[in-house]
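Here the structure is laid out as structure tokens; the discussion comes afterwards.
The values are calculated or read from the model by the stated rules, or taken from the named source; none is laboratory data. Quantities reported herein were computed from a predicted structural model and do not represent experimental measurements. Here the Cβ positions follow ideal geometry from the backbone for every residue, glycine too, while neighbour counts run over all protein chains shown. All accessible areas refer to the heavy atoms of the entire protein, side chains included, with ligands and DNA or RNA removed. Shrake-Rupley method; radii C 1.70, N 1.55, O 1.52, S 1.80 Å.
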Amino acid sequence: MGIDVQAILDGFMTTIQPMNLFWIALGGFLGTVVGMLPGLGPATAIALLIPITFGMEPTSALILMAAIYYGAMYGGSRSSILLNTPGDGSAIAATFDGYPMAQKGQAGQALAISAIASLIGGLIAVVGFIILAKPLASFALRFGPAEYFLLMVFTLSAIVALAKGQMVKGFISMCIGLMISTVGIDLQTGVYRFTMGNVHLSEGVDFLVVIIGIYAVGEVLYNFLSINKPVGKKKSVGKIWITKEQWKRSKWPIIRNGPVGFLIGVLPGAGGAIASMLSYSMEKQISKHPEEFGEGAIEGLAAPESSNNAAAVGAFIPMLAMGIPGSGTTAVILGAIVMLGLKPGPLLFENNPDMVWTFINSMFIGNLFLVILNIALVGILVKILDTPPRVLYPVIMMLAFIGTYTLGYSTVDFLILIIFGFVGLFMKLLKFPVAPLILAVIVGSDMEQNFRMSLISYPNVVGIFTASPITIALVIMTIVSLGFPFLSSWMKNRKAEKNSSEMM
């Protein structure tokens, strides 16, 4: 697709009209707030606001909904960093090093690098959108059931490989997550599986309930065990801005993982959770100091933050160019813009160029607004850490229960929430990695369905792994991701033995 410079300039002039700037600011602010609340993800926020858009001009409505979407990517990491409670699946990776940074008195730096990484990742993705929208949409069409199945296998293997020295525990955690994802009606046979006669479970266990239970309730229960212990020296929130050394460690992970998140976001159904988890795994694998990951490594926060915001932008490509939603949130947006009279698809760029380029320019301006907003709020947000535990933990529990109830308006979810709260507590006490379980719950159902469709398409299982160059590449990448920790450990041991023999 050639780049129409005049169309881009016309779109920019439309974007900076006062009313459109207002919708960008309003959507970004609402998205940030919603992203911080457990369970109330961008899809829920947009669904609630759809009635408001009915009287709006289609371009402005799309700008508002998109701003809420990528604004939530910013907001989701706020609660991850400060409370170890992800707003949604895309923000899970931010807990791995963001929360330890806050515990070390570096909450200000963590929030700042999160905002900066989200900005750069988002801008990289917008540039990619301008240049590669149609070619990438065509590439995404080459992904069939076998390719999607192996993409999810590779992502899970990369997350399990993170648990160096604990890969068995990571594998067990992943298997538990896959088991949870099988609860509900089998989409192909209509058989009820593991519902124990409960009608509410026929639709499965909502992965957001699992996330809120394990992270929010589990964290509260874990801290409740030590709530009466003497409080040590109060942690400072640190500087509100990052140091030169922190920027030096973060810049390349941010730049590397922006394109990674963008490309994953283009794949329908992949989403920000896979993008952020995969980026975190890759960054740890290539890091010179992998032992610092999970202990407050700033690059361990910067990489997934860049990736998940880029994925949010990338998800609009299949939606606009093919009419295929790239994520759950873009599925809601797709329904809204169809009701507004727009027809997403290959002809959209020819029939409505002004709308498309106005929308793309709005993402540039929206990301700039959000980084200013989030950095301006750092000083206010870090005050959460000053809240006494006896006040903070009940507030977290209240938000967890409210967020859970709004997902399905069922009290059965409360019981599920509490169960997974205790699961999270025991996993923390027994030092089981949580990430493989969460990601398996998120992708498990799609993974199973794509595998079963692949079995129908190919005469044997081997055919799935050799179906196309893409599947072969994914198989190789899976083997490498699982084998790399063992190879790295073997090389270190060999080097240590060599050094000891030379000393003798």
Cut-off 11 Å between beta-carbons: net charge of the residues surrounding Phe149, Lys and Arg +1, Asp and Glu -1 = -2
How long are the three semi-axes of the equivalent ellipsoid of region 327-367, in whole Å, if each is the root of 5 times an eigenvalue of the C-alpha gyration tensor, listed from largest down?
-> 17, 16, 8
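Per-residue ellipticity at 222 nm for the chain, helices alone: DSSP H runs ≥ 4 residues times -39500 (n - 2.57), over residue total, nearest 500 deg cm²/dmol?
Working: 23 runs with 366 residues, N = 504.
Helices in the chain give a 222 nm mean residue ellipticity of -24000 deg cm²/dmol.
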Compactness of region 374-459 - radius of gyration and Dmax, Cα, Å = 19.0, 61
Residues whose placed amide H lies under 5 Å from that of Val183, excluding near-sequence neighbours = Val205
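For the chain, list the DSSP H helices whose alpha carbon atoms reach 20 Å or more along the long axis and whose average Kyte-Doolittle value is 0.5 or above? Walk me through the numbers on the way to the answer.
Values: long enough: 18-36 (27 Å, 1.43); 58-83 (37 Å, 0.95); 107-140 (42 Å, 1.86); 145-162 (26 Å, 1.84); 167-181 (21 Å, 1.75); 244-266 (33 Å, -0.42); 271-286 (23 Å, 0.30); 298-314 (24 Å, 0.21); 353-376 (35 Å, 1.39); 389-408 (29 Å, 1.23); 412-429 (26 Å, 2.33); 435-457 (31 Å, 0.90); 469-503 (48 Å, 0.36).
Helices meeting the span and hydropathy rule in the chain are 18-36, 58-83, 107-140, 145-162, 167-181, 353-376, 389-408, 412-429, 435-457.
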Using a Förster distance of 45 Å, how high is the FRET efficiency between Met19 and Met453, based on the Cβ-Cβ distance and rounded to 0.05?
-> 0.50
Tell me, what is the 1.4 Å probe accessible area of His289, in Å² to the nearest 10?
-> 80 Å²
Would you kindly find the accessible area of Glu448, with a 1.4 Å probe and non-protein molecules such as ligands, DNA and RNA excluded, rounding to the nearest 10 Å²?
-> 40 Å²
Cα-projected label distance for Phe422 with Leu482, points at 7 Å along beta-carbon direction, nm = 3.3 nm
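Determine one quarter of the surface area of the Cα convex hull of the chain, which equals its mean projected area, and express it in nm² to one decimal. List each step's numbers first, then the result.
Numbers: hull surface 105.7 nm².
Result: 26.4 nm².
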Taking the mean number of other Cβ atoms within 10 Å as a proxy for protection, how do you rank 74-84, 300-310 from highest to lowest?
-> 300-310, 74-84
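Full-extension gain between Asn223 and Glu203, please, as 0.36 nm times their residue separation minus the C-alpha to C-alpha distance.
Between Asn223 and Glu203, full extension yields 4.0 nm more.
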Taking the simple approach of a point 7 Å from Cα along Cα-to-Cβ for both Ile255 and Ile52, what is their distance in nm?
-> 3.8 nm
